[in-house]
Amino acid sequence: MVANLKSLPRPYYSLEEYFALEKAGAARYEYWDGDIVCMSGGTPKHYILSGNIFYQIRQQLEGKNCQTYTEGIPIKTPKLPPYRYADMSVVCSESQFKNMRGIYALLNPLLVVEVLSSTTEEVDRNEKRIAYQALKSLQEYLLVAQNAPQITQYIRQGNFWMVKDYSDLSEVIELPSIKGLLSLAAVYNGVSFDATE
């Protein structure tokens, strides 16, 4: 008889165990209230999309007082301690970090980008979005779909967040947080939309 994995008891991991695992190897993990989730590995589409977005934004920030970070830099999220890994983040001032047991977590991202997958979409749209939006520095959050041209943009408007969706490859998104632009055609360049992720 095969057991239902969801019905099996899950171990509870302490933060000490989590940090030990984080420092032990090259893989990245997120801590979710006693559970540890591996964030390493992705689909070829995920890497193409992340690379295309990073390239577009990095080019536009050349010569400005901004730093663009890839998925290797954790972002400290007080609402979901200790930190989260985004696919990309941008700081347009002096980058601030907190040393968390030997791991340096970014404190002041202005823009955060997540490339969605079937396993992360619900969390990226809900818990992680809320955690990022609690950061006073954050002005913009982008969610990028893999299976179709679809980008959701959250822009801070005082105490509220304005939401816009883009799905036409001819569209160009204004990024007010960095005074930049993001072309959907360039984001999805090299990505085919078939049934598999």
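The values are calculated or read from the model by the stated rules, or taken from the named source; none is laboratory data. Computed from a prediction, not measured in an experiment: that's the story for all the values here. Cβ atoms come from the backbone with ideal geometry, glycine included; neighbour counts cover every protein chain shown. With ligands, DNA and RNA removed, areas are computed over all heavy atoms of the protein, side chains included. Shrake-Rupley method; radii C 1.70, N 1.55, O 1.52, S 1.80 Å.
At a glance:
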read-out: Any hit, the range 17-33, residues being of a type in the set (Ser, Thr, Tyr) and assigned to a helix (DSSP H, G or I); value: yes
read-out: Count - residues of the range 145-169 that are of a type in the set (A, V, I, L, M), closer than 18 Å to residue 45 by Cα and part of a strand (DSSP E or B); value: 1
read-out: Pairs with Cβ under 6 Å, 6+ apart, first in the range 18-42 and farther than 23 Å from residue 79 by Cβ, second surrounded by 14 or more Cβ atoms within 10 Å (Cβ to Cβ) and among the basic types (Lys, Arg); value: 40/28
read-out: Boolean, residue 95 is part of a loop (DSSP other than H, G, I, E, B), of a type in the set (Ser, Thr, Tyr), farther than 19 Å from residue 164 by Cα and modelled with pLDDT of 95 or more; value: yes
read-out: In the range 113-144, residue farthest from residue 48 (Cα to Cα) [restricted to those that are assigned to a loop (DSSP other than H, G, I, E, B) and open to solvent by less than 10 Å² (accessible area, probe 1.4 Å)]; value: 138
read-out: Residues of the range 96-153 satisfying the condition of being among the small types (Gly, Ala, Ser) and under 21 Å from residue 28 (Cα atoms); value: 102, 105, 117, 118, 131
read-out: Residue within the range 6-26 that is on the phi > 0 side of the Ramachandran plot, modelled with pLDDT of 85 or more and of a type outside the set (Val, Ile, Thr) present; value: no
read-out: Selection count, the range 149-171, where residues are loosely packed, with under 13 Cβ neighbours inside 10 Å and modelled with pLDDT of 95 or more; value: 9
read-out: Of all residues making up the range 54-91, the number that are without any contact (Cβ under 8 Å) to a residue 12 or more places away in the chain and part of a loop (DSSP other than H, G, I, E, B); value: 2
read-out: Residue in the range 21-76 that is farthest from the chain's Cα centre (by Cα), counting only those that are of a type in the set (A, V, I, L, M) and open to solvent by 50 Å² or more (accessible area, probe 1.4 Å); value: 24
read-out: Test for residue 180: is it among the small types (Gly, Ala, Ser) and either touching a Pro at 6+ places or on another chain (Cβ under 8 Å) or open to solvent by 30 Å² or more (accessible area, probe 1.4 Å) (or both); value: no
read-out: Pair list, Cβ < 6 Å and 6+ apart or interchain, from the range 175-186 residues that are under 16 Å from residue 137 (Cβ atoms) and touching a residue at least 60 places away in the same chain (Cβ under 8 Å) to residues that are β-branched (Val, Ile, Thr) and part of a strand (DSSP E or B); value: 178/90
